[in-house]
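Data first, discussion second: the structure below is written as C-alpha cells.
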2 protein chains.
Amino acid sequence: MTEEKRQRHKERMQQRKEIVDAGIARAQEDKGVFIVLSGDGKGKSSSGFGTALRALGHGYKVGVVQFIKGAWECGERNMLEHMPDVEFHVMGTGFTWETQDDEKDKQAAEQVWEKAKAMLQNPELHLVLFDEMTYALNYKWLDKNEVLEAIANRPVQQSVIITGRGAKKYLQDACDTYSEIKAVKHAFQAGIKAQKGIEW
Amino acid sequence: MTEEKRQRHKERMQQRKEIVDAGIARAQEDKGVFIVLSGDGKGKSSSGFGTALRALGHGYKVGVVQFIKGAWECGERNMLEHMPDVEFHVMGTGFTWETQDDEKDKQAAEQVWEKAKAMLQNPELHLVLFDEMTYALNYKWLDKNEVLEAIANRPVQQSVIITGRGAKKYLQDACDTYSEIKAVKHAFQAGIKAQKGIEW
C-alpha cells in the first residue's frame, strides 16, 4: 500500500469515526428496545436466540416464549431451558400445518400468552423473546391490541424481540427496530436437506 | 369461528403441509451448508451466534472467529469462549475506524485467518462462524480466493457462516444460503442509546 493510499484510508476512517461518534452522542435515551425480526429469510429465530445469549453473557435474566415450534427438538431450547437465568415456555402444538386444528392452536396460544404477559410485567427480565409470535398474531389466536398494550407497559429497561414471517404494519409501527430478513438464496431450494444444528 | 371457516382453514393447512412435505422429499442432499448473512440491518452477528447455540444444543462442536469486534466487551463471547465445545478466536484490534491503521489491521486479520483456516480443516467442528468477516474481505486484508478455496475444501458435514455488511457477489455466488438483513427501522435513529445485552 502506498503512503498516499494509507493516508486516504486513515482520513476515511477518521471521517467514519466522527459520524459514528456523533450518532452515539445524539442517541441519549437509555431504555429497553422493542425489536421485530421478520421476512422470509433464514436468521430470524437464530438472531433472537443470539441476542438472548448476548444478554445472558452480561449477567442479565432472559425470558423466552416459543409460539409455534413446540413439537420439534430444538438446539437452542436444549441449551437455554435449564439455565438458571432463563425462563422458558413453549406452546405445545407444533407447526400449525401439522395439527390442522385452528381451535386447538388458538387455545394453546392463549395459554402460553398468559406466561408471556407475566414476563412483560417482570422487571427482573432484561430481555423477553417471543419466538415465532407473528403467526399467533396473524392467525388471530392473540388479540393484537392486548399484545401491543402489554409490550408498551413493560418495565422501562426491558427489551422485547418478536420474530416470525409476515409481521404486519402495526408491529412495524409500534417497534423501535425492525429488520427484514430477505431470503436471497436458500440451500433447501438447491436440494440440500435441512441440517440439524443449523435449521433447528 | 364457523364450521365453514374451520373447514377452510383445515384445507389450507393440509395444502401447505403437502407443499412442505414435497419440499422435504426433494431436498435429499445431506451435507453442511455455507451461509452468508449480510445487509445493513440488526441481526447478522446475533443470528450467527444463535445458530452456534443451536448446534451446541445438539452436542456439536463449534468454532468461532471474530474478525473485527475484538476490543469490545461482548456478551456472546462471554458466554461461549470458555465452553468446552467451543474454539474461539478474536482479531484483536477493535473496529477499524478506531485504529485507523490499515497495515496493523491487515496483519491482525492475517494472523487470525490462520486459526480460521485450521478450523476449516477440522472435521470435529460441525459449524464454523466467521463473524464480521466481510470487512476483512472487502478491505482486502484477506485473499478472497484463498478464503473461498478453504471453504470449498472443508469437511463435507461442516457448515460455515460468514456475517457482516456488504457481502460481495462472489460470496453470494459461492454460498448455499444468503440472507440479506434490511434495516427498515433502527432504535438508534430514534435517539435510543445502544443497549448492553442487545447491541453488543
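The values are calculated or read from the model by the stated rules, or taken from the named source; none is laboratory data. This structure is a prediction, so every number in the text was calculated from the model and none was measured. Cβ sites come from the backbone with ideal geometry, for glycine too, and all protein chains shown count toward neighbours.
Pairs meeting the criteria (first residue in the range A:136-165 and assigned by TED's automatic domain parsing to the domain that holds residue A:109 and of a type in the set (Lys, Arg), second residue surrounded by fewer than 21 Cβ atoms within 10 Å (Cβ to Cβ) and part of a helix (DSSP H, G or I), beta carbons under 7 Å, at least 6 apart or on different chains) are A:144/A:170.
Quick check on the range A:36-53: of everything there that is hydrophobic (A, V, I, L, M, F, W, C) and facing chain B (nearest Cβ under 7 Å), which residue is farthest from residue A:180 (Cα to Cα)? For the range A:36-53, the residue satisfying everything is A:53.
Of all residues in the range B:145-158, those satisfying the criterion of being away from chain A (no Cβ under 11 Å), of a type outside the set (D, E, K, R) and surrounded by 14 or more Cβ atoms within 10 Å (Cβ to Cβ) are B:147, B:148, B:150, B:151, B:155. Within the range A:167-188, can one find any residue that is in contact with a Pro (Cβ under 8 Å, 6 or more places away or on another chain), surrounded by 15 or more Cβ atoms within 10 Å (Cβ to Cβ), on the phi < 0 side of the Ramachandran plot and more than 10 Å from chain B (Cβ to nearest Cβ)? Within the range A:167-188, none of the residues are in contact with a Pro (Cβ under 8 Å, 6 or more places away or on another chain), surrounded by 15 or more Cβ atoms within 10 Å (Cβ to Cβ), on the phi < 0 side of the Ramachandran plot and more than 10 Å from chain B (Cβ to nearest Cβ). Kindly establish whether residue B:161 is touching a Ser or Thr at 6+ places or on another chain (Cβ under 9 Å), at the interface with chain A (Cβ under 8 Å from one of its Cβ atoms) and over 24 Å from residue B:102 (Cα atoms). No; evaluated as a whole, the condition is false for this residue.
Between A:117, A:196, the distinction of being free of Cβ contacts under 8 Å to residues at least 60 places away in the same chain and farther than 27 Å from residue B:40 by Cβ belongs to A:117 only.
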